[in-house]
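Everything below concerns the one structure shown next.
Coordinate-derived values only; no laboratory data. Treat the numbers as computed from the prediction; the structure is a model and nothing was measured. Because the Cβ atoms are built from the backbone with ideal geometry, glycine has one as well, and the counts that use them run over all protein chains shown.
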Amino acid sequence: MEIKSLFKGFNHYAIEVRNLALSIDFYRDILQFPLLQRPEFDFSGAWFDIGDGQQIHLIENRDVHITLAGSRALHFAFDVSDLVVLKSYLMDKGVLITKDIKTRPDGVLQMFIMDPDGYYIEFTQL
């Protein structure tokens, strides 16, 4: 049996955040990801729908030391239809563009921002 045949798709990516309310404001209000109902776990968190059945899960940990924050070594990326429009929108919202729009060696446009905890988020345009 080929194990790959068992996989149905990517479901979610979870990150720890120091200030859940601040992160919810960022992901819900700035990036406009719909906030999802979440089971009653014994820890604080939030789930967001990022499209195509995929989610981002936030787990609050006020004591977390995010060692890779500020590093692109740990990041997630979203394909968008227009990076210039997105950049303008994000700048209007006061979001720092950490790496401006550039063309990767494969011809794809990319841009990076940081969330409130310092996680890099990449946006790409084919």
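Annotations for the structure displayed:
- Applying Stokes-Einstein at 10 °C and 1.306 mPa s to the Kirkwood radius of the chain, computed over alpha-carbon pairs, gives a translational diffusion coefficient of 100 µm² s⁻¹.
- Computed about its Cα centre, the charge dipole of the chain is approximately 300 debye, with only Lys, Arg, Asp and Glu carrying charge at their Cβ.
- Phe78 sits among other residues whose Cβ lies under 12 Å from its own Cβ, and their net charge, with Lys and Arg +1 and Asp and Glu -1, is -3.
- Computed extension gain for Glu122 through Met91, at 0.36 nm per residue and net of the alpha carbon distance, reaches 9.7 nm.
- Radius, Kirkwood style, for region 10-64 when every pair of distinct Cα atoms is counted (Å): 11.3 Å
- Value of [θ]222 nm, deg cm²/dmol, for the chain, DSSP H segments ≥ 4, -39500 (n - 2.57) each, nearest 500: -3000 deg cm²/dmol
- Taking 0.36 nm per residue of separation and subtracting the current Cα-Cα distance, fully stretching the chain between Ile59 and Glu2 would add 17.2 nm.
- Dividing the convex hull volume of the alpha carbon atoms of region 66-126 by its residue count gives 74 Å³ per residue.
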